[in-house]
Amino acid sequence: MKRLLAFLAISAVGASTLFAADNEQLKEQERLDSATAVLQALANTPDKGIPQNIAGTAKCVAVVPGLKKGALGWGGQYGQGFATCRTARGWSAPAPIRMAGGSWGLQIGGQSSDIVMLAMDQKGMQDMLDAKFKIGGDASAAAGPVGRHAEAATDWKLNSELLTYSRSKGAFAGISLSGTEVSQNDNDTRALYGRDIPFRTLLNGSVPVPAAARKFVSTVTQYFAEAKK
C-alpha cells in the first residue's frame, strides 16, 4: 500500500511538472504569435510603418506585444517579447526579453501598447547582445520616424543607436523609452529552448531557430529585408 501511494505521489508530481512545462511552452507560442502579428500589422501599413531604408539597415529587432504600464502612469511598465539580430546566415533565433521601468507611461495612455525597437548600428547591436541594458543610459535612443522613407542625412533621430516605436489603437508612432531596462528573460528562454542559453549565443546565430519561432523569424526576414546597395 505504501509503495502504491509513493508511486501515485511521484506520478502526480511528474504529471504536474509536465503540465507546467507544456503550459509555459503554450504561453511562449502565443507570445511569438502576438509578436508576429505586430510585424504583420507594420507590413500592412507602409505609409505609417517603419521607413524602408531604416528597416533594411537595422542590425537587431525587438518586439514586445502588449506592454502594460502601472496604474499611476509613471513607472511600473512591464512587458515580455523577443529580440533577433541579423547574422551572416540570416536572422538569429529569437532571445526572450523583458522590458521594465521607464517614465513614459503618460505618453501612451492607459492601455497596453505594442513595442518595436531597432538597433541601428554596431554599438546598438552590442547593447542588444548584452544580457541587460538601460535605454537612454547604456544605449542612446530616439523615437523612430514613420512612413515609407526617411532621409538619414537630414533626420537627427537616425543618429541614435536605437529607434523605438509603439502601437496603440492600431496606429504606429515613434516613442521615447528612456529609462526602460531591457534584459534576458531566463524563464522564457528555458520554456522555449528547454535549457538556459546565453543571450549572446542566441543572437549571434549559434542556435537553430526552434519550430515555434519559425513564423516570427520568417516575418522579420521579410519585413526587414536587407536594403539594396
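So here's what we get for this one:
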{"read-out": "Wholly within the range 52-151, strands (runs of 3 or more DSSP E) carrying at least 3 residues that are at pLDDT below 85 and either under 25 Å from Thr201 (Cα atoms) or more than 18 Å from the chain's Cα centre (by Cα) (or both)", "value": "none"}
{"read-out": "Every pair of residues 6+ apart whose Cβ atoms lie under 9 Å, when the first sits in the range 25-44 and is closer than 17 Å to Arg148 by Cα and touching a residue at least 12 places away in the same chain (Cβ under 8 Å) while the second is among the basic types (Lys, Arg) and in a helix (DSSP H, G or I)", "value": "Leu42/Lys48"}
{"read-out": "Where Val207 falls short, out of the listed (1) part of a loop (DSSP other than H, G, I, E, B); (2) out of contact with any Phe, Trp or Tyr (no Cβ under 8 Å at 6 or more places or on another chain); (3) surrounded by 15 or more Cβ atoms within 10 Å (Cβ to Cβ)", "value": "(2)"}
{"read-out": "Residue satisfying all of: in the range 152-189; assigned to a helix (DSSP H, G or I) and crowded, with 16+ Cβ neighbours inside 10 Å; modelled with the lowest pLDDT among these", "value": "Lys157"}
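The values are calculated or read from the model by the stated rules, or taken from the named source; none is laboratory data. Predicted model only: the values in this text are computed from it and were never measured. Don't worry about glycine lacking a Cβ; one is built from the backbone with ideal geometry, like all the others, and counts go over all protein chains shown.
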